[in-house]
Structures are given as C-alpha cells and as structure tokens.
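Every number in this text was worked out from the coordinates using simple rules, so none of it is lab data. Just so it is clear, the model here is predicted, and its values are computed rather than measured. Every residue, glycine among them, receives a Cβ derived from its backbone with ideal geometry; neighbour counts consider all protein chains shown.
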Amino acid sequence: MTTSPTGTVDNDTLLEIFRRTSLINQTDERFRSLLISGKIRLVYYPVRGQEVLSASMMTALNPDDYLVTTYRGVHDQLAKGIPLKKLWAEFTGKATGTCKGKGGPMHITDPETGVMVTTGIVGSGLPIANGLALSSQLKKDGRVTVVCFGDGSTNIGAFHEALNMAQIWKLPVIFLCQNNRYGEHTAFAESTSARQIVDRAVGYNMNAIKVDGNDAEAMYLAAKAAVDRARNGGGPTLIEAMTFRMLGHVFGANTSYVPKELVQQAIDEDPVPRLRKTLLDRQISEDQLAAIDAGIASDLNDAVAFALDSPYPDAGEIRIDVLSTEIAA
Amino acid sequence: MNAPTKISFSQGINMALDEALAADPNVFLLGEDIADAQGGGVFKATLGLSAKHGTDRVRSTPISEQAIVGAAVGAAITGMRPVAEIMFMNFLTVCMDQLVNHAAKLRFMSGGLTSVPLTIRCGTGAGVGFGGQHSDMLEAWFAHVPGMKVVTASNPADAKGLLLSAIEDDDPTLFIENVAMYAAQGAPPEPGYKVPLGKAAIRRAGGDVTIITYGRPVGEVEAVAETLAAEGISAEVIDLRTIAPFDEAAVLNSVAKTGRAVIVHEAVKAFGVGAEISSRIHEELFGQLKSPVKRVGSKYSPVPFSPPLEQAFLYSRAEIAAAVKATMG
C-alpha cells in the first residue's frame with residue numbers, strides 16, 4: 001500500500017524544480033516585505049518552508065492538468081505556472097488580476113494554467129477535485145487532478161467522503177497532504193488521532209505514499225509515481241508530504257505556541273538551501289543558480305510594479321459574474 | 001403507441017432528464033440509488049435512465065452529500081452539466097458548504113473564468129408523514145445566496161419544462177420537487193417543451209386580488225379562487241415557477257391592476273419568500289395598494305409526524321380564503 005518510489009531525477013528536472021522553488025521563495029518574501037512596508041494590505045498565509053514539495057509536485061504534472069488548492073496556496077499556484085503579473089494584481093484587488101480582483105488571495109483561479117479552484121474552506125477542495133477528475137475520466141482527456149490541503153484538513157468530513165468516492169470510482173486524482181505539523185494554531189498530535197496521515201488511506205483501500213516533502217528528489221519521484229498511476233487508470237493516491245510551516249498560520253501573528261527546538265530543526269532542514277546544495281553537489285555552477293534567481297527577481301519587480309500601477313475594478317463589476325446574465329442596476 | 005393523455009410529476013422529471021441526456025453528452029446524473037440496479041431513485045424519477053444511457057452517466061453514489069455536490073461542482077467548472085439528486089431537501093444541510101461557498105460563488109470569485117452549470121434536484125414537503133428531517137421547505141435560504149437560482153413546479157408539464165431549462169441554464173439551479181406531488185397527474189407536455197426560468201405563469205385571471213404562489217400550493221390556491229369567485233371575489237393566481245430570481249414584472253403588473261396581494265407558500269411563514277415579495281410590492285406600489293399585503297405559510301414549528309399535527313402545521317385553504325377576504329376589507 002504505502003510505497004516509496006525509487007529512481008533518479010535528472011539535472012534538467014531538478015533545475016526546473018529549483019526555478020519554481022526560487023519563484024515561490026522570492027514571491028513569498030516579497031509579499032512579506034511589502035506588507036511590512038505598508039505598500040499592500042491583505043491577509044497573507046505564508047508558504048515559507050513548503051516551496052520544494054509544491055515545486056516538485058507540479059513539475060511532475062502537465063500544463064493542462066488540474067489543480068485545486070487552499071488559501072495557503074500561492075506556492076501551488078506559482079509552481080503550476082500561473083502568470084506572475086495577474087497573480088500579483090489579484091492579490092492586490094486590481095482589475096487586471098486573474099479574477100478581476102473579485103476573488104482575491106483566497107480564491108485564485110486561472111483555468112489556462114489549470115488552477116481551477118482555490119478555496120478558503122478547509123477540506124472542501126477535495127470533493128471538487130473528484131469532480132474535475134470525474135470529468136477527465138468521462139471525457140477520457142487524460143488529465144490528472146491534484147488537490148492540495150494541510151494535515152488539519154484530514155479531520156473534516158469532506159476529506160473522508162472524497163477519499164471514499166475517489167477510490168470506488170478509481171478517479172485520476174492525487175490527494176496531496178502537505179503535512180506542515182499545524183492546523184491553525186494546534187499541533188498535529190493534539191488534533192489528529194492518526195499516527196500519520198497515510199494511515200487514513202488504509203481505511204479507503206487507497207494507494208498512499210509518505211515522503212519527505214523537503215527533499216526535491218524524493219518528492220518528485222513520489223509525485224511522478226502518483227501521476228503516472230492516475231494517468232494510466234490506476235486510480236487515486238494519497239501523498240503525505242512532510243514539511244514545516246515556518247512562519248505560522250497568518251503572517252504577523254504570534255507563533256510562540258511553536259516550540260523553539262522545532263523552529264530550529266525546521267531552519268536546519270530548510271528545503272530551499274538544501275535543494276541548492278543538491279544542485280551544487282551535482283556540479284551545477286553557483287553562477288547558473290544565481291542567474292535563475294536574478295531572472296525571477298526581475299520578473300517579480302515587473303509583476304509588483306504592474307500590480308501597484310493597475311486600476312481597481314469599476315464599481316459596476318458588482319453586477320457582473322454573479323449570474324450568467326448581468327444583474328440590473 | 002399513442003401519446004399518454006396524462007403523465008405523473010415523476011414522469012415529467014424523467015422525460016426532462018432523458019431528453020437532456022440524449023441531447024448533450026456533457027449532461028450526467030449522480031445521486032444516491034438513482035441507477036436502475038438501486039431502484040431508479042427512491043421516487044423512481046430516474047427509472048430506466050441508466051439502462052438507456054449507461055451507469056457512467058446515470059451513476060449511483062455513496063451516501064455522501066458533500067462528495068456528490070462537490071463532484072458535481074468540479075465537473076461543472078470543466079463545462080459538464082451535472083444533475084445531482086439530493087434525495088431530500090433537508091440533506092442539503094450537510095452539503096451547504098459546497099452549495100453556498102462554491103457552486104453559487106465560483107463564477108463571481110473567478111471573475112467569470114469558471115461557471116457552475118449545475119442542477120440540484122431535491123424532494124421535500126409536509127403532509128406525507130416524513131417528520132421533522134425530511135419535509136422542510138428551505139427555498140428562502142438559497143434564494144438569499146447571490147449566484148443561485150431556485151425553481152419549483154406546480155404540475156407535471158412544468159416539471160419537465162422547468163427542469164430542462166434548469167439543466168441548460170449556465171447558473172447553479174436548485175430544483176425543488178414536492179414529494180406529495182410525485183404521483184400527481186397532469187397533461188403531458190409536447191416533445192421539446194421548455195419553460196423559461198424567471199417567468200411566472202398566470203394560472204387564473206382576475207381583477208380584485210393577486211394571489212402569488214408556487215409549487216404544491218398552486219393547486220390549493222386555484223381551488224380557493226374558484227370558491228371565492230362564487231362569492232364574487234375575482235382572484236388572479238400567479239404561479240412563480242422560478243422563486244429566485246422571481247418574475248417581479250409579472251407580480252408588480254398584476255398587483256398594480258388589482259391593488260391587493262396575498263402570498264402563499266408551504267415554507268414556514270416567518271422570514272420566508274413571502275416576506276421578500278411583500279416588501280417588493282410595498283416598495284414599488286405602496287400608494288396604489290388598497291390594503292396591506294397578506295401572507296399565508298406554514299406554522300413556526302418543525303414539521304410534526306402525527307397526522308393532525310402535520311395538518312395543523314401546514315397552511316390551509318381556509319387560511320388562504322381568510323387572507324384574501326382580509327385584503328378585501
């Protein structure tokens with residue numbers, strides 16, 4: 001049931017994971033710095049520490065595969081390929097955003113890159129992911145759906161209904177649990193009766209993989225195995241990717257409930273420098289990595305400027321997209 | 001074979017589903033026990049459809065309402081037109097998140113990038129002894145959520161025509177079926193018959209008072225109107241058919257003519273749809289009203305089991321007649 005895929009990841013794939021990791025890492029950092037400086041105003045759910053698992057997962061997907069994620073999902077959206085300018089504009093409520101500013105940070109949607117739903121309700125993405133996968137199964141379009149959620153989501157009913165239905169219908173869906181050890185402010189062991197999330201797959205007779213999500217190679221191999229299985233009609237997989245939420249639930253909130261030794265351990269195991277070291281060990285030059293970082297920093301400058309310079313939506317937009325026809329003024 | 005001279009409400013629904021499945025490969029049905037192997041639906045509304053269209057497109061589900069509606073939402077945002085059967089309206093309470101936070105809002109929150117052309121069918125209604133958790137009329141809850149349409153039929157032909165329109169509509173639509181009416185007979189619709197959403201029907205023309213109603217009470221109101229005619233009161237009877245958004249023009253035009261209005265629904269009177277319609281009439285026609293608008297609904301109580309209590313709960317013909325006479329002064 002619980003398998004650990006083995007194999008090797010080639011340099012090009014690992015560099016692609018690095019590129020996406022850098023994009024996530026720098027974007028997250030920029031959001032936080034602009035929030036501190038007061039240039040933008042939003043409730044921000046940091047993804048610091050969870051970059052590599054998402055970059056690895058999405059690198060194993062095709063561009064037209066589907067993604068469902070949560071309010072802590074900017075790493076997933078970026079890794080899936082969402083346009084950076086539109087994302088920044090949406091996070092800042094601008095008319096040029098992915099959703100014309102109507103969705104905001106918790107409801108990012110970009111069907112062109114497969115970002116189908118971002119939900120602010122814990123656990124509710126899983127049943128919807130089944131529907132995306134069911135559509136692919138009925139249409140035989142070969143797409144795979146990935147739904148991301150935290151360990152806290154596995155304690156809500158929708159998780160269990162969704163896993164059961166996905167398994168009986170053999171849906172091409174991957175349930176990616178990003179086990180970051182905390183649900184809001186409550187530690188895993190205090191809220192979750194299972195020893196580990198993969199144990200919950202046993203009850204649904206579902207294939208499951210537990211993996212160090214901060215290890216790019218292991219994470220990519222796990223993701224690839226699940227994607228191949230789903231695409232070949234083998235049905236769903238629950239992946240439990242171990243990681244750590246390094247900056248708490250909401251940016252700026254008190255995180256004193258996290259034991260200091262856990263924080264230190266997370267810093268020691270930080271996946272971003274770890275991936276860099278892996279690449280350097282493979283004789284990839286520091287210059288090459290620095291050039292990737294610099295290119296992203298430049299894109300980020302453009303995206304932030306685009307978002308800050310963009311107009312807010314017209315008030316009349318309140319009557320559009322509520323129903324299929326415009327609401328009377 | 002000759003066309004039937006009468007069809008039941010269930011047959012009307014079955015005809016709409018059959019026609020929609022035949023016309024559009026994107027239409028599929030899901031719900032508990034709806035395939036023929038499980039009996040073709042507890043109210044037999046889907047009987048024979050899985051035999052004709054296959055169990056991929058007429059699929060029985062686990063008893064998992066969140067998973068059912070979630071799967072329907074997910075499939076709908078890829079362009080499919082799912083029709084989900086939620087056996088009883090009260091069961092919508094266990095999937096409110098999917099309906100209210102997702103089905104109704106994804107179009108708006110995505111800035112129109114995704115839409116949810118989903119139809120939810122549900123049975124309900126007092127008078128047949130199902131008690132407190134299988135009988136509620138909760139249409140006002142859903143009418144209050146921007147982004148959803150709410151529809152109900154008063155006869156078999158309308159059931160067919162409205163359901164077909166709901167399936168073809170690009171917005172999520174809740175289709176309410178009164179369980180006391182499944183066996184009710186009525187004139188069969190012509191092939192291809194559709195009833196446009198948002199359009200009321202004038203069931204009886206009259207000049208003294210407008211009675212606005214929908215669903216099962218339409219027949220009761222027509223009977224009362226007949227009795228009142230013998231007493232010299234000429235009532236115009238409007239069957240809304242679409243509860244949200246309701247046909248405001250039809251209501252206001254009629255009340256502008258009669259100067260009197262009574263709203264009748266099976267739902268509990270307090271905070272019901274009647275309150276909204278009454279308010280709209282007062283807002284638009286206050287100076288032209290000859291008397292205050294009256295409302296008739298069921299009592300402020302859970303639906304009781306014991307037959308005399310259940311009857312005491314329900315609105316009655318006597319109450320409708322009394323309300324009309326009260327408006328006549």
Checklist outcome for this item: Along the dipole axis of the range A:11-302 (charges at Cβ: +1 for Lys and Arg, -1 for Asp and Glu; origin at the Cα centre), the most positive-end residue among A:Ala230, A:Ser153, A:Thr96 is A:Thr96
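Would you work out if the range A:11-302 is rounded, prolate or oblate? Take a ≥ b ≥ c from the square roots of the eigenvalues of the alpha-carbon gyration tensor; rounded if a/c is under 1.5, else prolate when a/b is larger than b/c, oblate otherwise.
Details: a/c = 1.28, a/b = 1.25, b/c = 1.03.
Rounded.
Restricting things to Cα coordinates, could you compute the convex hull volume per residue of chain B in Å³? Each step should come with its number before you reach the end.
Working: hull volume 43.7 nm³, N = 329.
Roughly 133 Å³ of hull volume per residue.
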Item to check | Residues A:Asp228, A:Asp76, sorted so that the one with the fewest Cβ neighbours within 10 Å comes first | outcome: A:Asp228, A:Asp76
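May I ask you to list the trypsin sites (Lys or Arg not before Pro) in the range A:256-329 that are in a DSSP loop and have at most 15 other Cβ atoms within 10 Å of their Cβ? Each step should come with its number before you reach the end.
On the way: sites: A:Lys260, A:Arg274, A:Arg276, A:Lys277, A:Arg282, A:Arg319; in loops: A:Arg282.
Passing sites in the range A:256-329 are A:Arg282.
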Checklist outcome for this item: Long-range amide H partners of B:Asp33, meaning residues 5 or more apart or on another chain whose placed amide H is closer than 5 Å, are B:Thr61
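Find out how many positive minus negative residues lie around A:Thr69, taking Lys and Arg as positive, Asp and Glu as negative, among other residues whose Cβ is under 12 Å from that of A:Thr69.
Working: positive: A:Arg72, A:Lys80; negative: A:Asp76, A:Asp110.
Cβ neighbours under 12 Å give a net charge of 0.
A:Val43 to A:Ala189: extension gain in nm, 0.36 nm per residue of separation minus the Cα-Cα distance?
Numbers: separation 146, 0.36 × 146 = 52.56 nm, distance 2.68 nm.
Going from the current span to full extension adds 49.9 nm.
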Checklist entry - How compact and how long is the range A:64-128, expressed as Rg and Dmax of its alpha-carbon atoms in Å? => result 10.6, 30
Checklist entry - How large is the Kirkwood hydrodynamic radius of the range A:171-234, in angstrom, based on all distinct alpha carbon pairs? => result 13.2
Checklist entry - Among residues other than B:Phe305 whose Cβ falls under 15 Å from its Cβ, what is the net charge (Lys/Arg +1, Asp/Glu -1)? => result -1
Item to check | Cα-centre dipole for the range B:201-328 with unit charges at Cβ (Lys and Arg positive, Asp and Glu negative), debye to 20 | outcome: 200
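Compute the Rg to Rh ratio over the range B:229-280 from the alpha carbon atoms, using the Kirkwood formula for Rh, and round to two decimal places. Walk me through the numbers on the way to the answer.
Values: Rg = 11.9 Å, Rh = 12.2 Å.
When Rh is taken as the Kirkwood radius, the ratio is 0.97.
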Checklist entry - How large is the charge dipole for the range A:1-142, taken about the Cα centre, if only the Cβ atoms of Lys, Arg (+1) and Asp, Glu (-1) carry charge, to the nearest 20 debye? => result 700
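Of the listed pairs A:Lys139/B:Lys160; A:Lys85/A:Lys224; A:Lys100/B:Lys294; B:Lys299/B:Lys325; A:Lys102/B:Lys149; A:Lys140/B:Lys105, which have alpha-carbon separations greater than 32 Å here? Kindly include the intermediate steps, with their values, before the conclusion.
Numbers: A:Lys139/B:Lys160 27 Å; A:Lys85/A:Lys224 29 Å; A:Lys100/B:Lys294 43 Å; B:Lys299/B:Lys325 20 Å; A:Lys102/B:Lys149 21 Å; A:Lys140/B:Lys105 28 Å.
A:Lys100/B:Lys294, as the Cα separations exceed 32 Å there.
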Checklist outcome for this item: Out of A:Cys99, A:Cys177, A:Cys148, a Gaussian network model of chain A with alpha-carbon springs under 10 Å gives the largest mean-square fluctuation to A:Cys99
Item to check | 5 angstrom amide H check on A:Arg245, placed H, neighbours 5+ away | outcome: A:Tyr182
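Net charge near B:Ala200: determine it from the other residues with C-beta under 12 Å of the C-beta of B:Ala200, scoring Lys and Arg +1 and Asp and Glu -1. Please report the intermediate quantities before stating the final value.
Details: positive: B:Lys199, B:Arg203, B:Arg241; negative: B:Asp158, B:Glu236, B:Asp239, B:Asp247, B:Glu248.
Neighbour charge sum, excluding B:Ala200 itself: -2.
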Item to check | the protein assembly as shown - Rg (one decimal) and Dmax (whole number), Cα, Å | outcome: 27.9, 98
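Tell me what the protein assembly as shown gives for mean residue ellipticity at 222 nm when only DSSP H runs of n ≥ 4 count, each as -39,500 (n - 2.57), the sum divided by the residue total, rounded to 500 deg cm²/dmol.
Numbers: 23 runs with 258 residues, N = 658.
My calculation for the protein assembly as shown gives -12000 deg cm²/dmol from helical runs alone.
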Next on the checklist: Which residues does the label zone of A:Gln265 cover in the range A:214-243, counting backbone N under 14 Å from a point 7 Å along Cα→Cβ?
Outcome noted: A:242-243
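How about the range A:132-199: which trypsin sites (Lys or Arg not before Pro) there are in a DSSP loop, with at most 10 other Cβ atoms within 10 Å of their Cβ? Can you show the working numbers first?
On the way: sites: A:Lys139, A:Lys140, A:Arg143, A:Lys170, A:Arg181, A:Arg195; in loops: A:Lys140, A:Arg143, A:Lys170, A:Arg181, A:Arg195.
Here the trypsin sites (Lys or Arg not before Pro) that fit, given the DSSP loop and packing criteria, are A:Lys140, A:Arg195.
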Checklist outcome for this item: When the charge dipole of chain B is computed with +1 on Lys and Arg Cβ and -1 on Asp and Glu Cβ about the Cα centre, the Cα farthest towards its positive end, among B:Leu163, B:Phe28, B:Ser60, belongs to B:Leu163
Item to check | Candidate aspartates and glutamates - alpha carbon under 13 Å from A:Lys39, same-chain residues fewer than 8 apart omitted | outcome: A:Asp309
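Taking the Cα centre as origin and putting +1 on Lys and Arg beta-carbons and -1 on Asp and Glu beta-carbons, what dipole magnitude results for the protein assembly as shown, to the nearest 20 debye?
Working: 59 positive and 72 negative charges, 160 e Å.
Roughly 760 debye for the protein assembly as shown.
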Checklist entry - In the Gaussian network model of chain A, springs joining C-alpha atoms below 10 Å, which of A:Tyr71, A:Tyr45, A:Tyr257 carries the largest mean-square fluctuation? => result A:Tyr257
Checklist entry - Which Cα, out of A:Leu35, A:Met219, A:Ile128, lies furthest along the positive dipole direction of the range A:11-302 (beta carbon charges, K/R +1, D/E -1)? => result A:Ile128
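Ignore the peptide's own chain and count Cβ atoms of other chains within 10 Å of each Cβ in B:111-123; give me the average, rounded.
Working: counts 15, 9, 12, 7, 3, 1, 1, 1, 0, 0, 0, 0, 0.
So the per-residue partner count for this stretch is 4.
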Checklist entry - For chain B, modelled as a GNM with alpha-carbon contacts under 10 angstrom, which of B:Gly215, B:Gly79, B:Gly297 fluctuates the most? => result B:Gly79
Checklist outcome for this item: Given backbone amide H placed at 1.01 Å from N, residues whose amide H is under 5 Å from that of B:Tyr315, ignoring those fewer than 5 places away on the same chain, are B:Ser298, B:Lys299
Next on the checklist: Taking the beta-carbon count within 10 Å as an exposure proxy, list B:Glu139, A:Glu261 from fewest neighbours to most.
Outcome noted: A:Glu261, B:Glu139
